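Let me begin by presenting the structure, written as structure tokens, before commenting on it.
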């Protein structure tokens, strides 16, 4: 029974790593080594279907409405989207963990205020809040990262708080307090190491949400502005031409799917591994 | 009694949350410093912006402005839409039915099918059917709503010509938006029901039921499902916020005349009173739904009622 469980989870992990590594390779190798320019088009080569050669240039995924190579754009788009998502996730996890630990450690009013902020944050649909803030601040790469990062902290705070409440009662925390360590030292040196593991798992499970969110904002045209490609921008732009060129929508969508499945499988696998370690 | 106190404290929390959201949507407009310049077209003259600022009362102290905003909101007055020159609430309520039909139909089919698939997967754990259901739910969570929607349009509207690609009013026009919006929840609910049911099926009282010689399906439906539903119901409240978010994109793609499309158009046109109304409305739906979840929770779980 256990052996079978182990085997299946390893297959999951292998598939997850395969999907994520190939996505990362595509997003790094294509912008670096692919000879065609993702931003410069050729008006004589518009809407070439996948696997065609035009004027000596080979287009494995075809070209778009301005004759730009889709593979080059997909590579750069993946890099930009995944970069945005990773930086935003990092902001969320740092902010959420810090606030969650503070809420759990101090309790009382501090706790009540931070937890109500979590409730408020979670009550507004993310995409609506992000669209509102981006439209106020103006759409740009920097604003998008900040807004995505600042709106994602709530779930991390909730989990960090719960874990802090458990750890706070342990004897070594009492001991740290007895030898006169400051609260901040206790929180960051002695509680944080207990929380990093669960937060990393949560981060992996939260990445898919961010990937889809970033793509949705791009799709609606309020993300990074054209001609810079992101996964959402590519699908949004391709939508207008999908009658005659469905590959413009198909391949960026598959890339989103690969990233999301990879992160989900990896997260599930980490959760199961953590559970089997405990039991 | 304990149940009542629990519900009362949740209700108070709900009011606090709504108050917080009102602060959020109000002060969001002041992030750039000047809401008047934000709302006016980029080519307006300084004199026009000044006149607009005076007319909207943006020259008053900010707390006075917030008080006025809050007093209006409590009475259902969100101000006039800048674009349509009509109360924002009227625009919202006109679109309410369309979004309600879309969101509820998506929630309904995905919940029913999700419960069925989750139960089958839990009972046939580690069998091929469990694996197949798991793959489906993994795929359902992987594709963005808008991509699934576009793929369905390509396949069912452009190639097969079975279903209309947009519009509102007939059942055929509801199918694709509802499927696109519900796909994610189908996956989420299936996974939750499966995990929760597997855990419940390991409990002692289930072993007792089995020892009594009850059939597997009777045990699942009559005994295990009720307890297994507790985490599922709790999470459905959480999902509601993202359901409204998903409806936003779905409505854009299928030209569905709902609140989501109203919101995106309002954001693109810098029609902020409408945006504020939509955000507050979405938060209110979320708070009320989660309160109902708490009510259902006390009913499902007698332990908090004692």
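The values are calculated or read from the model by the stated rules, or taken from the named source; none is laboratory data. Remember, predicted model here, so these are calculated numbers, not experimental data. Here the Cβ is made from the backbone with ideal geometry for all residues, glycine too, and neighbour counts use every protein chain on show.
Side notes on the structure shown:
- If you go through segment B:210-235 and pick out every residue that is within 14 Å of chain A (Cβ to nearest Cβ) and in contact (Cβ under 8 Å) with a residue 60 or more places away in the chain, you end up with 1.
- On inspection, residue B:104 does not qualify as in contact (Cβ under 8 Å) with a residue 12 or more places away in the chain and under 24 Å from the mean Cα position of the chain (by Cα).
- Among all residues of segment B:201-216, there is none that is crowded, with 18+ Cβ neighbours inside 10 Å, under 13 Å from residue B:123 (Cβ atoms) and within 20 Å of the chain's Cα centre (by Cα).
- Failed item in (1) surrounded by fewer than 16 Cβ atoms within 10 Å (Cβ to Cβ); (2) closer than 30 Å to residue A:234 by Cα, with residue A:174 passing the rest: (2)
- Single residue of segment B:131-147 satisfying the filter (touching a residue at least 12 places away in the same chain (Cβ under 8 Å) and more than 8 Å from chain A (Cβ to nearest Cβ)) that is nearest to the chain's Cα centre (by Cα): B:140
- Failed item, numbered, when residue B:76 is tested on (1) at pLDDT 90 or above; (2) in contact with a helix residue (DSSP H, G or I) (Cβ under 6 Å, 6 or more places away or on another chain): (1)
- Odd one out for residue B:264 among (1) surrounded by fewer than 24 Cβ atoms within 10 Å (Cβ to Cβ); (2) more than 8 Å from every other protein chain (Cβ to nearest Cβ): (2)
- Filtering segment A:217-247 to residues that are in a helix (DSSP H, G or I), within 24 Å of residue A:144 (Cα to Cα) and over 21 Å from the mean Cα position of the chain (by Cα) leaves A:237, A:238, A:239.
- Considering residues of segment B:23-60 that are under 26 Å from the mean Cα position of the chain (by Cα) and within 10 Å of another protein chain (Cβ to nearest Cβ) only, the residue surrounded by the fewest Cβ atoms within 10 Å (Cβ to Cβ): B:23
- Test set (1) at the interface with chain A (Cβ under 10 Å from one of its Cβ atoms); (2) within 19 Å of residue A:220 (Cα to Cα) - residue B:285 fails condition number: (2)
- Residue A:253 being within 11 Å of another protein chain (Cβ to nearest Cβ) and touching a helix residue (DSSP H, G or I) at 6+ places or on another chain (Cβ under 9 Å): yes
- Some residue of segment A:204-220 being out of contact with any helix residue (DSSP H, G or I) (no Cβ under 9 Å at 6 or more places or on another chain) and either within 14 Å of another protein chain (Cβ to nearest Cβ) or surrounded by fewer than 20 Cβ atoms within 10 Å (Cβ to Cβ) (or both): no
- Boolean, residue B:112 is within 21 Å of the chain's Cα centre (by Cα), closer than 21 Å to residue B:201 by Cα, away from every other protein chain (no Cβ under 11 Å) and free of Cβ contacts under 8 Å to residues at least 12 places away in the same chain: yes
Residue by residue, here is whether (1) surrounded by 14 or more Cβ atoms within 10 Å (Cβ to Cβ); (2) within 18 Å of the chain's Cα centre (by Cα); (3) in contact (Cβ under 8 Å) with a residue 40 or more places away in the chain holds:
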residue	(1), (2), (3)
A:24	yes, yes, yes
A:40	no, no, no
A:57	yes, no, no
A:88	yes, yes, yes
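- Selected residue (criterion: nearest to the other protein chains (Cβ to nearest Cβ)) from residues of segment B:159-171 that are surrounded by fewer than 13 Cβ atoms within 10 Å (Cβ to Cβ) and out of contact with any helix residue (DSSP H, G or I) (no Cβ under 7 Å at 6 or more places or on another chain): B:159
- In segment B:267-282, the qualifying residues are those that are more than 9 Å from chain A (Cβ to nearest Cβ) and within 19 Å of residue B:41 (Cα to Cα), and the one that is surrounded by the fewest Cβ atoms within 10 Å (Cβ to Cβ) is B:269.
- Some residue of segment A:150-166 being more than 27 Å from the chain's Cα centre (by Cα), free of Cβ contacts under 8 Å to residues at least 24 places away in the same chain and surrounded by fewer than 18 Cβ atoms within 10 Å (Cβ to Cβ): yes
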